[in-house]
Each structure stands twice: as C-alpha cells, then as structure tokens.
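The values are calculated or read from the model by the stated rules, or taken from the named source; none is laboratory data. These figures come from a predicted structure and were not determined experimentally. We place every Cβ from the backbone using ideal geometry, glycine too, and count neighbours over all the protein chains shown. Remember, those area values only see protein heavy atoms, side chains included, never the ligands or the DNA or RNA. Shrake-Rupley method; radii C 1.70, N 1.55, O 1.52, S 1.80 Å.
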Amino acid sequence: MRSPYGLDIVENCTRCPHREERLFCNLSQPAVERLQSIKSTSIYPKGAMLFVEGQESRGAFILCKGKAKLYTSSADGRTIILRIVMPGEVLGLTSTIANKPYEATVEVLEPSQVNFLPKAEFLKFLTQYSDASMHVAKQLSSNCAGAYEEIRCLGLSASSAEKLARMLLTWAAPELKGTNNREVKITLSLTHEEIAQMIGSSRETVTRLFAEFRRKQLVAIKGSSVLLRNLPALRQMVAHN
C-alpha cells in the first residue's frame, strides 16, 4: 500500500519482509500475530512529534520506516540530540514499562510509518510472550550501551573535529559491514544545527569543520549526500580514544 508521502506501507506485521532483520520484530509467529492485533499504524510527515518530554506515557512506538531524532531540552531552550532512531527500534520503552512520563522528545526527520502499542495492551503482551520480553530487554541493553558510548565520545573526544569524525563513522558503520572499502556514501538527514546539538558544539563550528574536511579531501558533499572519501584518515582522527 502506498501512502501520500510515497512510502510502501506494511500494515500486516505477519507479512513484513523486515521481521527477521529487526530486533523487536523477530518474534515467534504467535507473538507477531498478537502484536498485529494490538497495534495501530500511522503515517507521519517530516517534523511530526511522536511524543514530548514530560508527557504522560501512553504506550510504545515502533518506527517501521523513516528516521527520527530523540532529544532533550533545557528550560532555557538549549537542545541535545541523544540519538538518531532507525527503522525497527521501539520508542518510549522505559517510560511505558516504568509507567513514568516520557524522558525525551521524538520528532520524525522524514515521512515515516509508525506502529503504536497502547500501554495496557503492550504490558500484557510482554507478560504473555517471553520472547517479546527478551527482545525488549535486549533493546534496552542496546540503548544503555549506546548512551554510554555517547557519553564517552562527548567526554573523551579532544576536539569538535574528532566528535564529528566519530559521528560520521558511526553513521557509515551499517554500510561498511563485511567490506574493506576506503570510502562510503551516507545520507545526511540533519542540518548543521542538529549535528551541533549531537556533538555539543555550535552550528558555525560544524559548518567550518565540514569546509575543513572537504579541503582535506576527507569528505565530498552534494546536497544531503556525503561521501566519506578517506575512511582511514577519519579513523585515525578517533583512534587514540
């Protein structure tokens, strides 16, 4: 099924072609059938909010297609992007399970398909299917490990250039699995301001660093496409940490 945003919508989880490759969705057939019966599917445009920091939790969200950013803001308006959410991830898990307000805000970065799981039904689902509970535990562990790594990068990276190089390499990692490529192309779905919010810097610094990376032929940029032209050099920038 096609949506107004050009997405190929998968409305039936039991027939999803991505089930086996995504952590939470790779469940037993009975569990997937039950999941299908309790979820509702929605399509969101770029910029839509799935939930807002401090809002009472009402359930969990599975990002099926698209990308989103998870961020937190201070009272004076400063924002830190905690991570970029990719398809297959479940959002709002901690808040839903602990019955607490959402800890951050989620905004979609491009037209996206999202499946919503109401809190009561989702919690009952987890008690009924042990494989689903184990997958939730694995995702929570992965989220925790990712948070530790982000803190480590922000705290131990010596410069904004190093933080930017590390971020680019992290985004390129899925494209590099099983290859020895010296270069790789990625799609940059964030503005310079948003990248600055991820690495704890300023928009002006990010713009200057990209210009410097281009001058050194570390990257080539065309629109939203970024070609990492010299992976060994980028890796060398972060190797000492």
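A few comments on the model shown:
- Every residue from region 192-241 that is exposed (fewer than 13 other Cβ atoms within 10 Å of the Cβ), out of contact with any helix residue (DSSP H, G or I) (no Cβ under 8 Å at 6 or more places or on another chain) and part of a loop (DSSP other than H, G, I, E, B): Q217, G223, S224, A239, H240
- Looking at L50, L23, L27, just one residue is touching a Phe, Trp or Tyr at 6+ places or on another chain (Cβ under 9 Å), among the aliphatic types (A, V, I, L, M) and in a loop (DSSP other than H, G, I, E, B), and that residue is L27.
- Residue match in region 84-106 (condition: assigned to a strand (DSSP E or B), open to solvent by 30 Å² or more (accessible area, probe 1.4 Å) and within 27 Å of T191 (Cα to Cα)): no
- For region 129-138, the set of residues classified as surrounded by fewer than 16 Cβ atoms within 10 Å (Cβ to Cβ) and in contact (Cβ under 8 Å) with a residue 24 or more places away in the chain consists of D131, K138, listed by residue number.
- A60 vs. criteria within 19 Å of A137 (Cβ to Cβ), open to solvent by less than 20 Å² (accessible area, probe 1.4 Å) and either of a type in the set (G, A, S) or modelled with pLDDT under 90 (or both): yes
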